[in-house]
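Here the structure comes first, spelled out in structure tokens, and everything after it is commentary.
The values are calculated or read from the model by the stated rules, or taken from the named source; none is laboratory data. In this text the structure is predicted, and so the values were computed from the model without any measurement. Cβ sites come from the backbone with ideal geometry, for glycine too, and all protein chains shown count toward neighbours. Just so you know, the surface numbers come from the protein's heavy atoms only, side chains and all, with ligands and any DNA or RNA stripped out. Shrake-Rupley method; radii C 1.70, N 1.55, O 1.52, S 1.80 Å.
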Amino acid sequence: MDWVVSSPLVRAVETAEIVAECLAPNVPIDFCDALRPGGSAEALVTFLARQPNRKRVLVTGHEPDLSLLAARLIGAGRHANLAFKKGGCCLVEFDQMPPKSPAQLIWWATPRLLRKVG
């Protein structure tokens, strides 16, 4: 994992910190307003493109936006069944930044799984 990007809201930040501490303690964590409720995928991609060497990105945010955002980033569209529970997160990987093709979903985690890992 190269980078953790989180909504700046408290619960998403807590999730990002727990996952980063468990999986990659030295990975940078940044906050992106595009991950607030109602944020746009385009704004998130613009934010991510500022760090072109960071291709494996853990993203934490809020439902229902996070599942729609993840589906959009991996090119799955609105009908993908990527429903996250509150406190969930996902890891996506891009071939390049800024992306010219959809990201690959590496994994997504529920709060229950995160509690077991933590």
Practice problem: Give VAL57, VAL4, VAL19 a once-over and let me know the one that is open to solvent by less than 20 Å² (accessible area, probe 1.4 Å) and either at pLDDT 90 or above or of a type in the set (Asp, Glu) (or both). | Solution: VAL4
Exercise. State whether the residues of region 67-74 include one that is free of Cβ contacts under 8 Å to residues at least 24 places away in the same chain and exposed (fewer than 14 other Cβ atoms within 10 Å of the Cβ).
Key: no
Practice problem: Count, please, the residues in region 85-109 that happen to be closer than 20 Å to VAL13 by Cα and open to solvent by 20 Å² or more (accessible area, probe 1.4 Å). | Solution: 5
Exercise. Identify all residues within region 24-39 that are surrounded by 14 or more Cβ atoms within 10 Å (Cβ to Cβ) and over 13 Å from the mean Cα position of the chain (by Cα); write none if there are none.
Key: ALA24, VAL27
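Which of the residues that make up region 84-117 are touching a Cys at 6+ places or on another chain (Cβ under 6 Å) and either in a loop (DSSP other than H, G, I, E, B) or among the aromatic types (Phe, Trp, Tyr) (or both)?
TRP108 - this is the single residue of region 84-117 that is touching a Cys at 6+ places or on another chain (Cβ under 6 Å) and either in a loop (DSSP other than H, G, I, E, B) or among the aromatic types (Phe, Trp, Tyr) (or both).
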